[in-house]
1. For the protein assembly as shown, what does the helix formula give at 222 nm: sum of -39500 (n - 2.57) over DSSP H segments with n ≥ 4, over the residue count, nearest 500 deg cm²/dmol?
2. For chain A, take every pair of Cα atoms, bin their distances at 5 Å starting from 0, and report each bin as a whole percent.
3. Provide the descending list of Cα extents for the stretch A:166-217 along its principal axes, expressed in whole angstroms.
4. Suppose the chain between residue A:20 and residue A:111 were pulled fully straight at 0.36 nm per residue; how much longer would it get relative to their current alpha carbon spacing?
5. Go ahead and set up a Gaussian network model of chain B, Cα springs under 10 Å, then flag whichever of B:119, B:145, B:88 fluctuates most.
6. Cut-off 10 angstrom, C-alpha nodes, Gaussian network model of chain A. Which of A:26, A:57, A:123 fluctuates the most?
7. Over the stretch B:98-168, what per residue volume does the convex hull of the Cα atoms give, in whole Å³?
8. Pairs of Cα atoms under 8 Å, at least six residues apart: use those to get the relative contact order of chain A, whole percent.
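Quick note: the coordinates plus some simple rules give every number you see, no bench work behind them. These numbers were taken from a predicted model, which means no experiment stands behind them. Here the Cβ positions follow ideal geometry from the backbone for every residue, glycine too, while neighbour counts run over all protein chains shown.
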Amino acid sequence: MLEQELKNIWTSSAQTAQISIETSQLIKELNAKMDGIQKAIRIRDIREISASVIGMLLYMYLLFEIPFPMTRFASALSIVWFAFVILKLRKSKTRHITCKLDLSVRGQLADQEAAMRYQAALLDSVAYWYAIPPFIINCIFVLGLGNPAEYNWTNSLAESILPLSMNLKIGTITGLAFFYALIIWLNKRAASRDIKPILEKINIIQDEWEADNESNG
Amino acid sequence: MLQKLEINFEQVLEENKHKIFRICSIYAVNPLEPQDLFQEVVFQIWKSFDGFKGQSTINTWVYKITINVCLRSKMKLDKTNQKTDRFESIHFTPVDEEIDTFEHENFKYLKACISTLNETDTSLIVLYLDDLSYKDISSITGLSENHIAVKMKRIRKKLLDCIASKMK
């Protein structure tokens, strides 16, 4: 068979389906889809930032309300950590959405590889920025709680919520340790189950692109 | 301005819709159908349309987006791999197969042979079958023309051998 015949078979395949497009209606649908995606991104961003903002407000209240110095110090550290999380998540999103589909295929693969490596590193390193720092801060917070009577401090709501006795402190720290261990495990699992297989696939395709390159071999 | 953009978009889509659909029909794998992939390509073209800088021809630019969307779908990079609601403004009408069963059969053989190729070779062969020059293929893929020539020599032989054996 001649190559031209192959090309003819290929181009004639277009006749297996008639495609008709109502452009004005399509543009409305495309814009609606675009708006829907942007709205979903906005809602997700607001939800994530709100969680950190609520955390900051709570610790600001505790910073001014609680008299124990170590606990107040931990509250201040918590506020700083929540601010850091907001910045870190925003930076990671900016990095993640830089997918330019009008790059060359090779360029697009390199772009995707870099984005996936960044995502994998972010999930793999969650212990160092999302789990261990707040765990240590929370330990300082809990261990810093003293006897309210010694500071002439009365706040029935705070007293009923805060772990003031040693048994409650040990229980709270143990619970927190399990909670943060779970966060580390879930993120590491997401990195190895969701991101790394894609990264491997990208690398396989990149190797395929480079194959047969005479200048390589 | 917006109206001009819409007119250009309509023109680009009309000129390229069959090419896009052909490529989508090669890359679509269950549960994704060519129509779903076609819709995603159209969406991505619209999304990037305003940013087209004219550094390459518009057709080359459309091919870049089509191949990139198809490859991303194969790598399951997009959540759009899951079936989504189709645009009501795009209608696909299958042509009666009895019109030319011979051509249809040949296309099925060609498609089966292309499916034996890896992702990279598939991308190159669909561009080659669309009669693009090595220069255009180079611009779309980012490979040098020499590199493409070496690859194409091997891919063409593989494809022709496969088709010949199927047609026996």
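1. Details: 15 runs with 274 residues, N = 385.
Theoretical 222 nm ellipticity from helices: -24000 deg cm²/dmol.
2. It works out to 1, 5, 8, 10, 12, 11, 10, 9, 8, 6, 5, 4, 3, 2, 2, 1, 1, 0, 0, 0, in whole percents.
3. Sorted largest first, the three principal extents are 71, 16, 6 Å.
4. 29.3 nm
5. Result: B:88 has the largest fluctuation of those listed.
6. Answer for the Gaussian network model of chain A: A:26.
7. 86
8. Working: 124 pairs, mean separation 47.3, N = 217.
Contact order relative to length: 22 percent.
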